[in-house]
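Visitor: The structure is given below, and queries will be raised subsequently.
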Amino acid sequence: MTETLVPFDEVLEKYDPAMGLEVHVELNTNTKMFCGCPATFGGEPNSQVCPTCLGLPGSMPVVNAKAVESAIRIGLALNGKIAEWCRFARKNYFYPDMPKNFQTSQYDEPIVYDGYLDVEVEGETYRVEIERAHMEEDTGKTTHIGGATGRIHGADYSLVDYNRAGIPLIEIVTRPILGAGAKAPQVAKAYVAALREILLGLGVSDVRMDQGSMRCDVNLSLAPKGSGTLGTRTETKNVNSLRSVERAVRFEMSRHAGILDAGEAIFQETRHFHEDTGTTSAGRAKSDADDYRYFPEPDLVPVAPSREWVEELRASLPERTADKRARLQVEWGYSELEMRDVWAAGALSLIEATVAEGASAQTARKWWMAELSRSANDRGVELAELGVTPVQVAEVQKLVDAKTLTDKLARQVFEGLLAGEGTVSEIIDARGLAVVSDDGALGAAVDEAIASQPAVAEKIRGGNQAAAGALIGAVMKATGGKADAKRVRELILEKLA
Amino acid sequence: MPEITRDEVAHLADLARIDLSDAELDHLAPQLQVILESVASIQGLAGDDVPATSHPLPMTNVFREDVVTPSLTPEQALSGAPSVEEQRFAVPRILGDEQ
């Protein structure tokens, strides 16, 4: 198979992209989907398992009420319809990540159907239609041992930990997203970002893409421009950051175009995304093995959410994201463009939480959108995954407000936080970052600066206030940059008045 | 009348990871055909007023509160495993079936 990549702009001259996004969300319930084992992350291997999630004979699953409630709330927040009656189904396949030899899922009767989510890219709104969202269970974690790469191919054997098997999952599936053209990669990213924001607001999941509690599969195909048809698709699995969603779409568009330009056919297969290079490689071929022989799960009775329950849940939904965004823009006094940037950076919730901790909207925006966005970019991670919390940002800003830190020193505190040097106060102590605010100590440094540069002092006495810069510089140097420049200037002008 | 071909039996055997010889396929295909025919005669008895039924009990919404119950210990969980390593189930290598 040729692997010629066509430059992105040239792809668009000849082809229309179609995308389909499948997002798996692990719910943050206390227990698993069908048994009372803890659904927490990070336990000792095989310490959170029981006969039900191990698929031992005679065990019987029972549905977690909270998981159904979360599924319905997600459906309502995505403008979806809630099934009046639906069943679970067995998806039969042989792979040791499920000890039962089937995954309990839903087939043609998902609990949520016909929803949509409006997403915005560069001021333009795209409606992403959601075909369905269904309930299922997560699989166990396999580790491949031996072989050259540790990946599955070439492995000698595999080790399985079933702690994750049975954790409630909601899979949210879009209809084909058409007509996004050049914006396709951004629309894909914006959709996953908007979905993440909604799930965060609902409080139903940790939605940590880096930890796998939210995972995205990207389906992509190209069709000849204007043909209105759908081409053969590939499915890139487990794309695990917002940035990667965008990159995976972009890469697959270029790769597909290369194959089609050469007159060859796209091979329908799953692809693995490589975070380091931004490329994909061939995975499993779609084949007969995808015949999962679904049938209704006989051990679980149907789920028929009463309309009263659904309406109760609808009434208790948090504010819609679009409404919230509009409200906060007014409350915070941001311009349209500022708000758009904040939204695109995934900083809305972060700024909201920072403001809730006492920082002003302007200072919260300044730290998240300048300093911290830059750090996130440098590291290739999302702002929310940077490791700096809204509480910390608010704490630092409080110290700036109290003139204990200058902006410059505050930036060093953030450096320390990113380097994992401890809490805000530990970093200030360890790095000796507190501002010299004692007028006595500052006064001595100012006197020294005046004495060492008499010519400059004379100019200032003569009314040339701009000359104070040289003396301020000397004081800042003498205090190791820990003085408040504004206060130093005041002191100099007072003394030379 | 539903019909099951020898090819379909081979396909199902493949999906179920059952290695069947040609002789076994020749033998099993007609037998499965007889079973299908028997089920079909029952299907013939059901009129349009009888809906397809997966769950005979008139029950829905059997739920459990989201409350943690004790799990097995890792030792108990792994006690029936043919092979254990690093407190995990050790299984033969699998190629090409990753989900």
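The values are calculated or read from the model by the stated rules, or taken from the named source; none is laboratory data. Predicted model, so just to flag it, every value in this text is computed and none were measured. Using ideal geometry, Cβ is built from the backbone for each residue, glycine included, and neighbour counts are taken over all protein chains shown.
Visitor: I'd like to know if segment A:90-104 contains one or more residues that are closer than 28 Å to A:GLY201 by Cα, buried (at least 17 other Cβ atoms within 10 Å of the Cβ) and not β-branched (Val, Ile, Thr).
Guide: no
Visitor: Would you confirm whether any residue within segment A:271-294 is surrounded by 15 or more Cβ atoms within 10 Å (Cβ to Cβ), more than 14 Å from chain B (Cβ to nearest Cβ), of a type in the set (Ser, Thr, Tyr) and part of a loop (DSSP other than H, G, I, E, B)?
Guide: no
Visitor: Could you name every one of the helices (runs of 4 or more DSSP H) located completely within segment A:368-432 that has at least 3 residues being assigned by TED's automatic domain parsing to the domain that holds A:VAL355, touching a Ser or Thr at 6+ places or on another chain (Cβ under 7 Å) and loosely packed, with under 14 Cβ neighbours inside 10 Å?
Guide: Once the helices (runs of 4 or more DSSP H) in segment A:368-432 are filtered for at least 3 residues that are assigned by TED's automatic domain parsing to the domain that holds A:VAL355, touching a Ser or Thr at 6+ places or on another chain (Cβ under 7 Å) and loosely packed, with under 14 Cβ neighbours inside 10 Å, nothing remains.
Visitor: On to the next question. Of the residues B:ALA40, B:ALA77, which single one is aliphatic (A, V, I, L, M) and more than 7 Å from chain A (Cβ to nearest Cβ)?
Guide: None of the other options fit; the residue is B:ALA40.
Visitor: Could you give every pair whose Cβ atoms fall below 8 Å, whose first residue belongs to segment A:446-459 and is under 19 Å from A:ALA485 (Cα atoms), and whose second residue is outside any helix (DSSP H, G or I), counting only separations of at least 6 or pairs across chains?
Guide: Final answer for the pair search is A:ILE450/A:LEU496; A:ALA457/A:LEU496.
Visitor: Would you mention how many residues in segment A:475-496 are touching a Lys or Arg at 6+ places or on another chain (Cβ under 8 Å) and not charged (D, E, K, R)?
Guide: Number satisfying all stated conditions: 2.
Visitor: Based on what the data block shows, is A:GLY140 within 11 Å of chain B (Cβ to nearest Cβ), free of Cβ contacts under 8 Å to residues at least 12 places away in the same chain and touching a strand residue (DSSP E or B) at 6+ places or on another chain (Cβ under 7 Å)?
Guide: no
Visitor: Might you let me know whether segment B:43-62 holds any residue that is surrounded by fewer than 16 Cβ atoms within 10 Å (Cβ to Cβ), within 22 Å of A:ILE167 (Cβ to Cβ) and at pLDDT 85 or above?
Guide: The answer is yes, given that some residue of segment B:43-62 is surrounded by fewer than 16 Cβ atoms within 10 Å (Cβ to Cβ), within 22 Å of A:ILE167 (Cβ to Cβ) and at pLDDT 85 or above.
Visitor: Then there is this: Does A:ARG255 satisfy the criteria of being in contact with a Gly (Cβ under 8 Å, 6 or more places away or on another chain) and basic (Lys, Arg)?
Guide: So A:ARG255 does not fit the description; no.
Visitor: Any residue at all in segment B:60-70 that is more than 9 Å from chain A (Cβ to nearest Cβ) and more than 24 Å from A:ASN92 (Cβ to Cβ)?
Guide: No, the conditions are met nowhere in segment B:60-70.
Visitor: Also, quick follow-up: Which of the residues spanning segment A:1-50 are of a type in the set (Phe, Trp, Tyr) and crowded, with 24+ Cβ neighbours inside 10 Å?
Guide: A:PHE34, the sole residue that qualifies.
Visitor: Filter segment A:7-36 down to the residues that are more than 30 Å from B:VAL68 (Cα to Cα) and within 27 Å of the chain's Cα centre (by Cα) and list them by number.
Guide: A:PHE8, A:PRO17, A:ALA18, A:MET19, A:GLY20, A:LEU21
Visitor: When segment A:231-285 is examined, which residues are found to be out of contact with any Lys or Arg (no Cβ under 6 Å at 6 or more places or on another chain) and aliphatic (A, V, I, L, M)?
Guide: Matches in segment A:231-285: A:VAL239, A:ALA248, A:VAL249, A:MET253, A:ALA257, A:ILE259, A:LEU260, A:ALA262, A:ALA265, A:ILE266, A:ALA282, A:ALA285.
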